[in-house]
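The values are calculated or read from the model by the stated rules, or taken from the named source; none is laboratory data. Bear in mind that the values here come from a model prediction, so they are computed numbers and not experimental data. As a convention, Cβ positions derive from the backbone with ideal geometry for all residues, glycine included, and neighbour counts pool all protein chains shown. SASA here: full protein model, heavy atoms, side chains in, ligands and nucleic acids out. Shrake-Rupley method; radii C 1.70, N 1.55, O 1.52, S 1.80 Å.
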Amino acid sequence: MTHLGALGFGACVLSATMALASCNETAPPASPPVAAADTRAADEAAIRAADQNWVKAIAAKDAPGAASFYADNAALMAAGAPVTTGKDAIQKEFAGMMGDPQFALTFSPTKVVVSKSGDMAYEIGDYQITFSGKKGKPNVVTKAMYVVVWGKQADGSWKALVDAPNTTTD
């Protein structure tokens with residue numbers, strides 16, 4: 001074997017030995033995942049604040065303002081009416097209701113629950129809605145309960161995904 005051949009053989013053995021030795025090395029243990037901060041209390045406060053502003057927009061008979069609290073693909077599921085889907089359609093629905101001179105709507109959450117993941121929430125509460133009575137009859141006033149499903153948006157704001165007022169009173 002020539003000097004060059006022995007050198008080449010030695011380099012090959014050295015490379016193989018190093019490759020095998022690296023197979024026995026263990027990777028350092030993975031760091032445990034960092035737990036996301038629990039923001040549920042702050043998210044609940046943000047939803048309750050949104051509710052207060054939503055009620056103000058409705059009291060001002062501001063249909064675009066009232067609709068701004070809904071996600072683009074939201075559904076309004078009013079009792080006894082077809083489902084209204086989409087923010088634009090919901091805005092038109094509000095504009096129609098707000099055209100009634102006696103229209104009034106107030107609501108207040110009694111319970112807001114935010115998911116542990118912090119991206120969804122639901123709200124249960126009480127509402128009162130008033131419409132003009134027909135042909136000189138007294139105003140129609142409905143007091144009942146509602147549920148709203150909220151979704152956290154990419155910008156961190158909360159928007160209503162489903163708004164389902166109903167006629168349940170207890």
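Listed values, structure above:
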{"read-out": "Long-range neighbours under 6 Å by Cβ, at least six apart or interchain, first residue basic (Lys, Arg) within the stretch 135-163, second open to solvent by 40 Å² or more (accessible area, probe 1.4 Å)", "value": "143/128; 152/119; 159/153"}
{"read-out": "Subset tally (residues that are closer than 22 Å to residue 142 by Cβ, buried (at least 17 other Cβ atoms within 10 Å of the Cβ) and not polar (S, T, N, Q)) for the stretch 79-92", "value": "1"}
{"read-out": "Tally of residues being charged (D, E, K, R), in a strand (DSSP E or B) and surrounded by fewer than 16 Cβ atoms within 10 Å (Cβ to Cβ) across the stretch 131-170", "value": "1"}
{"read-out": "First in the stretch 24-40 and assigned to a loop (DSSP other than H, G, I, E, B), second anywhere and modelled with pLDDT of 70 or more, Cβ under 7 Å, 6 or more apart", "value": "39/118"}
{"read-out": "Matching option when the condition is polar (S, T, N, Q) and not in a loop (DSSP other than H, G, I, E, B), among 128, 102", "value": "128"}
{"read-out": "Residue selected from the stretch 50-63 under the condition assigned to a helix (DSSP H, G or I) and open to solvent by 40 Å² or more (accessible area, probe 1.4 Å), by the criterion nearest to residue 110 (Cα to Cα)", "value": "52"}
